[in-house]
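The values are calculated or read from the model by the stated rules, or taken from the named source; none is laboratory data. The shown structure was predicted, so the numbers you read here are calculated from the model rather than taken from an experiment. Because the Cβ atoms are built from the backbone with ideal geometry, glycine has one as well, and the counts that use them run over all protein chains shown. Heads up: the accessible areas ignore ligands, DNA and RNA and are worked out on the full protein's heavy atoms, side chains in. Shrake-Rupley method; radii C 1.70, N 1.55, O 1.52, S 1.80 Å.
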Amino acid sequence: MTHIQTRNASVSAWPRLWLGQPLGQGNVLAFVLVVVLALLVLPPLLVLLRISFTEFHAGFREGGFTFQHYVGLIQSNTLFRSTVNSVLFAALSTVISLIFGGILAWLVERTDVRFKPLAFLTSVVSMGTPYILYVTGWLFLLGKAGPLNRTWFELTGSPANLFEVNSLAGMVLVEGFLWSPLVFLLLSATFRAANAEMEEAARMSGASVADTILRVSFQLARPAIVALALFVFIRNLEAFEVPALVGIPGNVSVLTTEIYRGMKHMPPDIGFVSAYAMVMVAVIAILLHYYGKLSDRAERFASITGKGFRPRPFRLGRLRWLGGGIILFNFFIVLVLPLGAIFWMSVLPFVQPIRPSAFRAITWENYQRVLTDSYYWGLAGNTLIVAGTVATLVVALTFLTGWVVARRKRGARIIDQLVTVPLVFPGLVLGIAMLQLALRAPVPIYGTLWIIILGFIIRYVPYGMRYSFSGVLQIHTELEQAAAVSGANTREMLFKVVAPLLVPALASGWIFVFLIATKEMSMPLLLAGAQSQTIPVAMFELWTSGQSGEVAALGLIWAAAMTVLSASFYALTRQASAATFGK
C-alpha cells in the first residue's frame, strides 16, 4: 500500500514543473497560452526573416543562404525615395490629425462649447465607414471633377488644377482627415479626466484663455499627446489605402506601395519584397519601443488627486462662439463633405461635376444593383463571417491572456511580450507572411476565408488585449479569493466570477475588433481568392476598374450598417467612463 501511494505521488509530481515552480491550474493555463501565442505570432516573423535571406531560382526553387536581397535593396534608389516619402507622409498626416482631433477633444471635454453631439456623431460615423470609401470621397472632392478644381476652372479657364490630389500633399491631407476622429476619441479620455482646479487657478492668476490652454491644459496632457502622436505616426507609416488610391496614380511611392508593387510584379520577387518588409518591421519595432516608454511616463503628469475630484468644464465666455464654429467646421470637413461626395457619385452612372445639368442623370440603379445582385450579398456574408469569427476568437483568447497577465501568473511576462509581437507587422507585411505560410501549409487554405481569419486573429490580438487587461485590473482579487475559498477551481472562478464582470469590457472589445476587421483592406487584398473577397477588397477592385457608382452605393449601404455597431461601441465606452468619472 505504501509503495502504491509513493508511486502515485511521484507520478502526480514528476513533470508538473514549469520555470521551477509546481503547476497549478492557473499556471497550466499560462503554459498553454504561451504555446498557442507562440504558434500564432512567431511563424509569420520567422518565415519573412528566412525568405529574406534565401536565394530563389527559376520556378521559385529555393537555393542557399544569401544577402543578395538586402544588398539589392540598399543599392536600389527606391528605398531612399520611398523611405523619405513615408516619413514625410506619416509625420505631416500626424500633425493634421492631432490639430483637428486634439483641439476638438479639448473643446468637447473641457469647455462649455456648443454642438458637442456633432463631434461625437462625426467620430461614430467615421468608425463605421470603410477607409477606402472615405478616400474615394476625397478623391472626387479634390480631383479634376470636384468642386474645388472645377470652380477654379470656371473662374480662370486654366486647364491646370488648383490642387493636385494625386500628390504627397493630397495624401497628407486625406490621411490626416482620416485619423482625426480616432485621435479625438483617444484624447477625449485624457481631457475628460483632467483636473479643472489647475486651469481655474491659472485664470484666477490673470492668465488669458490662450495661455491657460497652452501652458496648463496641453502641458498636463503632453505625455498622452506625444505618445498618441507616435502611435498615429506608426499607423500612418504602415498605411496602404491612401498611398495606393491617392499616391500610386501620382507616382508617389512609399514603403507599403513599393512592397505591394513587388508582390504584383510578374513574377514576384519574393526575396526582395521580404527584405523590404523586414526593414519596415525593424523600423516599427524601434518606434513601438519608444511608444511604450512614453506611455509609461504618462503617469508622472497625473492631475487627479482623488480628493474632491470633479472634472468641471472650462468657461470660454465670449469665445464660445469660436469653439462652436470649430466643431461645425470639423463636422463639415470630416463628415459632410466626403459623405456628400460619395452620395453624389452613388446616384450617377459615371463621375460628373456637381452642376445643374448633371441632376438630370440622377439614377438609383447603382443601389438597385447592389441590393439585388447575389455577388454583393456574398461579399457581405464573407465580411460578416470573417469579422464575427475573428472578433469572437480574439476576445476569447485575450480574456484568458488578460487575466493571466493582470494577475501576474507564472509566464505572464512571456505572454505579454508575445501578444505585442503583431504590432510590428503592417497589414500588408503580415499579408505577405501569411501568403507564404498558406502556400506551404499541408492543407489548401490559400485563397479561402480561413487564411484571412487566421491573419486577422494574429493582427488584432493586441487590440483585444487592451480591453480585457484593463477590465481585469478593475476587478479586485478578493472576489477571486472568495471563490477559491468556497471551493471553486480556476475554470469555475474564471467563467462564473470574472467573465460576468468583464462583459462590458469584452463587449466593447468585440465590437471594436469587429469594426476594424470589416474595414481592413491591405491583408485580404493579398490573401483573398475569387470566392473569399471581403467588402473593402471588392471596393478596391471596383474602383480601379472605373465602377465608382457601385463603389459609392455599396460603401454607403455598408457604412450605414456599421455605424449602428459603432454607436453601440461608443455607448459602451461612455457607460464605462460614466462609471469611473461620474460623467
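Brief remarks on what is shown
- Were the residues from Q474 through N77 laid out at 0.36 nm apart, the gain over their Cα-Cα distance would be 137.7 nm.
- Accessible area in the full protein assembly, largest first, 1.4 Å probe, for W403, W450, W510: W450, W510, W403
- Pairwise inverse Cα distances across the range 385-433, averaged and inverted, put the Kirkwood hydrodynamic radius at 12.3 Å.
- Tensor-based shape of the range 85-131 (alpha-carbon gyration tensor, a/c under 1.5 rounded, otherwise prolate or oblate): oblate
- Given their separation in residues at 0.36 nm each and the Cα-Cα distance between them, L371 and I333 gain 10.7 nm when the chain is fully extended.
- Close amide H partners of F314, meaning residues 5 or more places away or on another chain with modelled amide H under 5 Å apart, are T111, D112.
- The relative contact order of the range 348-437 comes to 13 percent, based on Cα pairs under 8 Å that sit 6 or more residues apart.
- Considering only alpha-carbon pairs that sit under 8 angstrom and 6 or more positions apart, the relative contact order computed for the chain is 23 percent.
- Label of the coordinate-derived value, volume of the Cα convex hull per residue in Å³, listed as [x] 215; [y] 201; [z] 241: [y]
- Where the chain is the region considered: accessible area per residue in Å², 1.4 Å probe: 46
- Residue-wise HN-Hα couplings along the range 232-240, as the Karplus relation 6.51 cos²θ - 1.76 cosθ + 1.60 with θ = phi - 60° gives them from phi, are 5, 4, 4, 5, 5, 5, 9, 5, 10 Hz; Gly and Pro carry x.
- With the helix formula -39500 (n - 2.57) applied to DSSP H stretches of n ≥ 4, the chain reaches a computed 222 nm mean residue ellipticity of -22500 deg cm²/dmol.
- Contact order for the range 24-148, expressed relative to its length and based on alpha carbon pairs under 8 Å spaced 6+ residues apart, stands at 8 percent.
- Residues whose amide H falls under 5 Å from that of F56, counting only those 5 or more places apart or on a different chain, are G63, with hydrogens built in the peptide plane.
- From phi via Karplus (6.51, -1.76, 1.60), per-residue ³J(HN,Hα) for the range 328-343 in Hz, x at Gly/Pro: 5, 5, 5, 4, 6, 6, 7, 10, 5, 4, x, 5, x, 5, 5, 5
- Förster radius 25 Å - calculated FRET efficiency between A91 and F350 (Cβ-Cβ, nearest 0.05): 0.10
- Our coupling estimate for the range 460-468, obtained by passing each phi through the Karplus curve with A = 6.51, B = -1.76, C = 1.60 and θ = phi - 60°, is 9, 4, x, 5, x, 4, 4, 6, 5 Hz, Gly and Pro reported as x.
- Of the accessible area of the chain, computed with a 1.4 Å probe over protein heavy atoms only, carbon and sulfur atoms account for 66 percent.
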